[in-house]
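Chemist: For reference, the structure I am asking about is given below.
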Amino acid sequence: MSIKENFCVNCDENREVTLKMVTIVHKIKDEEIPVQILMPHCVICGSQLSDLDIDEKHFDMALDEFRKRKKLLFPEQIKNLREKYGISQRAFARALGLAEPTINRYEQGAIQDIVYNNLLLLVDEPENMLKMAEQNKENLSEKEFNIIRNNVHKMQKCFSDEEKTFKDIKNVLEEKIEMLSNDMSNLLEIVNKNSHKIDKNSRAIGELDNKFGFFMREYRTQNVAAPRHAITWNTITKTNDSPGSNLKELYQYPLNKCN
Ligand SMILES: [Zn+2]
């Protein structure tokens, strides 16, 4: 294991270092941000030594802490937002009516003002992005504008397809519940009429009834989550054409096919 050495200004020569936890306070836009980090210290005189890599790291940590406190988008999120619309940093800046280097600076880690952060949050919504691009159309080439518009339309179509799929599932589910509900009523009626003949099965039938009741309550109280319970249906009825098996297939339908 190699022992790390740094230049110690106090001793005026290279010294072995030991790492100690220190708190460094950075001032970012008038806000004091303390950061805890391990810093090298001279083993001879104990002075805290500077290390370019570590200096950069604790400054980045302070910037991240500042973004967290102010709920600002992180550089990576701004990059993802831009790439969602398929355009360059310059084109994205122009589409938002900002100076050309602005987005590049944010993606490189400069802190954006809250007003610009709000603007970025707004254009995360494809419809707003298109409005903004239309507003600043004269700043964009025809090609850039078309790329934005096509990507926005693609996303809008994708959202409406997903919504339609959810509605389809819900309709099928409700239809099947209606069927199953009738089947269960008929079955329970038969069971009740013939209870003297099928006494030894009554406990199993009672359990079935409980399971069904439980499922129906779950479905009614958490309507949206219903497909998750569709799998439970296989425990109620085991035949191939049971509502459970159909719904299980439907549930596995790839909802996120647009991504
Ligand atoms: Zn020293």
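The values are calculated or read from the model by the stated rules, or taken from the named source; none is laboratory data. Predicted model, so just to flag it, every value in this text is computed and none were measured. All Cβ positions, glycine included, derive from the backbone under ideal geometry; neighbour counts span all protein chains shown.
Per-residue answers, yes or no, for (1) outside any helix (DSSP H, G or I); (2) touching a helix residue (DSSP H, G or I) at 6+ places or on another chain (Cβ under 8 Å); (3) under 20 Å from E125 (Cα atoms); (4) free of Cβ contacts under 8 Å to residues at least 60 places away in the same chain:
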| site | (1), (2), (3), (4) |
| --- | --- |
| V152 | no, yes, yes, no |
| M155 | no, yes, yes, no |
| D161 | no, no, yes, no |
| N182 | no, no, no, yes |
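Chemist: Does any residue of region 91-110 turn out to be assigned to a helix (DSSP H, G or I) and either hydroxyl-bearing (S, T, Y) or within 16 Å of the ligand (Cβ to nearest atom) (or both)? Before you say what the answer is, go through the steps one by one.
Modeler: Here is the first cut: in region 91-110, the residues assigned to a helix (DSSP H, G or I) are 91-95, 102-107.
Of the ones still in play, those that are also either hydroxyl-bearing (S, T, Y) or within 16 Å of the ligand (Cβ to nearest atom) (or both) are 102, 106.
Yes, that holds for at least one residue.
Chemist: I would also like to ask the following. Would you pick out the residues in region 50-103 that are aliphatic (A, V, I, L, M) and farther than 23 Å from K154 by Cα? Before you say what the answer is, go through the steps one by one.
Modeler: In the first step, residues of region 50-103 are kept if they are aliphatic (A, V, I, L, M); the result is 52, 54, 61-63, 72-73, 78, 81, 87, 91, 93, 95-96, 98-99, 103.
L52, I54, M61, A62, L63, L72, L73, L98, A99, I103, listed by residue number.
Chemist: Here's a follow-up. Given the options L63, L19, L52, name the one that is within 16 Å of the ligand (Cβ to nearest atom) and not assigned by TED's automatic domain parsing to the domain that holds E134. Don't jump to the end; show me each part of the working.
Modeler: On the way: L63 fails: within 16 Å of the ligand (Cβ to nearest atom); L52 fails: within 16 Å of the ligand (Cβ to nearest atom).
Of the residues listed, the single one that is within 16 Å of the ligand (Cβ to nearest atom) and not assigned by TED's automatic domain parsing to the domain that holds E134 is L19.
Chemist: Taking the criterion of being over 30 Å from I148 (Cα atoms), without any contact (Cβ under 8 Å) to a residue 40 or more places away in the chain and more than 16 Å from the ligand (Cβ to nearest atom), would at least one residue in region 68-83 satisfy it?
Modeler: Let us first name the residues in region 68-83 that are over 30 Å from I148 (Cα atoms), namely 69.
Still in the list and also without any contact (Cβ under 8 Å) to a residue 40 or more places away in the chain: 69.
Of the ones still in play, those that are also more than 16 Å from the ligand (Cβ to nearest atom) are 69.
Checked against the condition, which is being over 30 Å from I148 (Cα atoms), without any contact (Cβ under 8 Å) to a residue 40 or more places away in the chain and more than 16 Å from the ligand (Cβ to nearest atom), region 68-83 yields at least one hit.
Chemist: Restricting attention to region 153-186, which residues are farther than 30 Å from L130 by Cβ and charged (D, E, K, R)? Spell out the reasoning first.
Modeler: As a first pass, look at region 153-186 and keep what is farther than 30 Å from L130 by Cβ: 171-186.
Answer for region 153-186, where residues must be farther than 30 Å from L130 by Cβ and charged (D, E, K, R): E174, E175, K176, E178, D183.
Chemist: Right, another one. Go through region 68-90 residue by residue and tally those that are part of a loop (DSSP other than H, G, I, E, B) and hydrophobic (A, V, I, L, M, F, W, C).
Modeler: Of the residues in region 68-90, the ones part of a loop (DSSP other than H, G, I, E, B) are 71-74, 85-88.
From what is left, the residues that are hydrophobic (A, V, I, L, M, F, W, C) are 72-74, 87.
Going through region 68-90 one residue at a time, the tally reaches 4.
Chemist: Next question, about the same structure. Is it true that E134 is assigned to a helix (DSSP H, G or I), at pLDDT below 95 and surrounded by fewer than 15 Cβ atoms within 10 Å (Cβ to Cβ)? Before the answer, list the steps.
Modeler: Numbers: assigned to a helix (DSSP H, G or I): yes; at pLDDT below 95: no; surrounded by fewer than 15 Cβ atoms within 10 Å (Cβ to Cβ): yes.
Taking the combined requirement at face value, the residue does not satisfy it.
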